[in-house]
Amino acid sequence: MDSSDPQMLAEVLRHALDGIAVVDGAGANAPRVVYANATLAALIRRPEEALVGGPLDDIEVEAPADPTATGVGVGLRVRLKRVDGSLVECERWAILLPDGRLALHYRPLARSAPGALAAAVDRTSGLSTPEHLLEVLRRDWSVGQRDGRAITLMRFDLDAYREYYEVFGRVATENVLRQVGRTIGSAMRRLSDVVARFGDDEFVVLGVAMEPPGAILHAESILARVRALAIHHPRSRTGRYLTMSAGVVTAVPSRTSGCEALLDAAQQALARAKQAGGNQVAKGELPG
């Protein structure tokens, strides 16, 4: 992909709002992926590097045998494969590049089948939407009730978010939120983890089979990664840079309550962390 500034082009593609894959051998029966951006990786919950080198069939189902048949700028409905077996309905645009490779742009469609997982990536942050996380949480809650498997929920919130917004405005704040979201997402490497953006400045992480002490330590390491970004915050009450607080709950799902209890417990723990001054993790528990 020729450009006078390849590094800048790569950065733009990586953080594009659409999922993007570049495939080689577009006229072949099984074109191979030579590039995948962060949005596409988040959409199907695989690391970017795990997508490169594999056939396009590893990502798509019900795609045409010859991807060039879609034409330039023509949307085609395809399904993307997630690691948990669910399928994401997308529109796909194919653009033939000067070097003969094909750039494929994927945009999730609204959910079309009752009971299907929401095909959803927040277009601002590239993370899962609240709707998708809640559907996965309901599924995992049901499995946990049956099998006694613990679920971990982490709620993260920026400290002095409103003050940052007032100083720097919407565009700069959204850029920071994308940066923080990517930092949280990069810290959750297991394929079963879901990271979603909730509301303006909150992020929620859902994981399974985590021990409570390990979950707390992991949340603390995420706060440290955010501090290490060294994002200047002139009105921060916790130091020179932007910080974040977290509430973490690890519990076996109760048979007498719904998954909303886990969300509420994590929110209460988050509120305690912020009331204690912020830039820290508070542990929560499900009500007895």
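Exactly one residue out of V208, V252, V194, V281 is in contact with a strand residue (DSSP E or B) (Cβ under 9 Å, 6 or more places away or on another chain), among the β-branched types (V, I, T) and surrounded by fewer than 14 Cβ atoms within 10 Å (Cβ to Cβ): that is V252. Any residue at all in the stretch 13-20 that is at pLDDT below 80, buried (at least 16 other Cβ atoms within 10 Å of the Cβ) and in a strand (DSSP E or B)? No, every residue in the stretch 13-20 fails to be at pLDDT below 80, buried (at least 16 other Cβ atoms within 10 Å of the Cβ) and in a strand (DSSP E or B). Condition check for R123 on (1) at pLDDT 85 or above; (2) among the basic types (K, R); (3) under 11 Å from the mean Cα position of the chain (by Cα): one failure, at (1). For T152, indicate whether it is part of a helix (DSSP H, G or I), in the same structural domain as A271 (by TED's automatic domain parsing) and touching a helix residue (DSSP H, G or I) at 6+ places or on another chain (Cβ under 8 Å). Against the criterion (part of a helix (DSSP H, G or I), in the same structural domain as A271 (by TED's automatic domain parsing) and touching a helix residue (DSSP H, G or I) at 6+ places or on another chain (Cβ under 8 Å)), T152 does not qualify. Out of H218, H232, one residue alone is surrounded by 17 or more Cβ atoms within 10 Å (Cβ to Cβ) and assigned by TED's automatic domain parsing to the domain that holds G169. It is H218. Within the stretch 155-198, the set of residues being out of contact with any Asp or Glu (no Cβ under 9 Å at 6 or more places or on another chain) and either among the acidic types (D, E) or outside the structural domain of P253 (by TED's automatic domain parsing) (or both) comprises D159, E163, E166, E174, D193.
Let's see how each residue does on (1) assigned to a loop (DSSP other than H, G, I, E, B); (2) among the basic types (K, R):
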position: E135; (1), (2): no, no
position: R146; (1), (2): no, yes
position: T173; (1), (2): no, no
position: R182; (1), (2): no, yes
position: V195; (1), (2): no, no
position: M210; (1), (2): yes, no
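Being under 25 Å from R149 (Cα atoms), modelled with pLDDT of 90 or more and out of contact with any Phe, Trp or Tyr (no Cβ under 7 Å at 6 or more places or on another chain) is not true of L191. Considering the stretch 48-106, and only residues there that are surrounded by 14 or more Cβ atoms within 10 Å (Cβ to Cβ) and of a type in the set (K, R), the residue that is modelled with the lowest pLDDT turns out to be R82. Of the candidates Q275, Q280, the single residue that is of a type in the set (S, T, N, Q) and without any contact (Cβ under 8 Å) to a residue 12 or more places away in the chain is Q275.
The values are calculated or read from the model by the stated rules, or taken from the named source; none is laboratory data. This structure is a prediction, so every number in the text was calculated from the model and none was measured. Backbone-built Cβ (ideal geometry, glycine too); neighbour counts: all protein chains shown.
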